[in-house]
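One structure below.
None of the figures in this text is laboratory data; all of them are computed from the coordinates on show. If you're wondering where the values come from, they're calculated on a predicted model, not measured in any experiment. Cβ coordinates were reconstructed from backbone atoms using ideal geometry, including for glycine residues, and neighbour counts include every protein chain displayed.
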Amino acid sequence: MLQDSYLRAVAAAAGCTMAKPEPDDGIDWQLTHSSQSHAVDCQIDLKVQLKSTSLSPPSPQQGYVSVNVSNDRLEMLARPSVIVHRIIVAMIIPEEIARWVEATHDYFTLRHCAYWRSLIGETPSGQKSTAVRVPTDNIFDDLALCAIMERIGKGGTP
């Protein structure tokens, strides 16, 4: 639920709508951004797979956060030729649920950060699942989501 809230806030700030596939077929959310400036179509869709971990500290020193993805899911997310592009969003969360949010009169904070990555071309390396590295340079916020949608809207990849 924490990740859903994070994604909802980012999507709202980026001017996107959200839809949750039912039943869940390996994609947690589909985001849509509408703009006449998109060259491919006026509505651009993006599928999002959410992952979380409490095993990494905030702002990991190694420059990435690692999450496990089942090999079947990884193969689906890594397909190079798709009609709707897919990304993974990995969030570092505190182990203690009481530390997930903080509210004051001036702000509402969700802890910690989420990062994104396109898995196009990634191949499974484990027997049943693969540890996927998501770069901490790819902070998932409204500016990043707008840039992703703009690239897709021009016919590119996330």
For this session: Summarise the long-distance tail of P(r) for the stretch 2-153 by giving the % of C-alpha pairs beyond 18 Å.
Result: 59
Exercise. Under the Karplus relation 6.51 cos²θ - 1.76 cosθ + 1.60, θ = phi - 60°, what is the ordered set of whole-Hz ³J(HN,Hα) values for the stretch 57-73, x standing for Gly and Pro?
Worked result: x, x, 6, x, 5, 6, x, 7, 10, 9, 10, 8, 10, 4, 4, 4, 5
Exercise. Can you give the translational diffusion coefficient of the stretch 83-157 in µm²/s, computed by Stokes-Einstein from the Kirkwood radius over Cα pairs at 25 °C and 0.890 mPa s?
Worked result: 165
Exercise. Under a 5 Å amide H to amide H cut-off, with H placed in plane at 1.01 Å, what residues pair with HIS85 once short-range neighbours are removed?
Worked result: LYS47
Exercise. For the pair LYS20 and ASP72, how long in nm is the line joining their label points, each one 7 Å along Cα→Cβ?
Worked result: 2.2
Seminar exercise, completed: With PRO94 itself left out, Lys, Arg at +1 and Asp, Glu at -1 over residues whose Cβ is under 14 Å from its Cβ give -1
Exercise. If you find the alpha carbon centre of the stretch 1-57 and of the stretch 82-115, how far apart are they in angstrom?
Worked result: 13
Exercise. Taking θ as phi - 60°, what are the ³J(HN,Hα) couplings along the stretch 149-158 by the Karplus curve (6.51, -1.76, 1.60), each to the nearest whole Hz, with x for Gly and Pro?
Worked result: 5, 5, 4, 5, x, 8, x, x, 10, x
Problem set entry | q = 0.12, 0.25 Å⁻¹: log10 I(q)/I(0) that the Debye formula gives for the stretch 50-118, counting C-alpha atoms only | -0.42, -1.11
For this session: Could you work out the local net charge near ALA78, counting Lys and Arg as +1, Asp and Glu as -1, over the other residues with Cβ closer than 15 Å to its Cβ?
Result: +4
Exercise. Sorted from fewest to most neighbouring beta carbons within 10 Å, what does the list TYR115, TYR64, TYR107 look like?
Worked result: TYR107, TYR64, TYR115
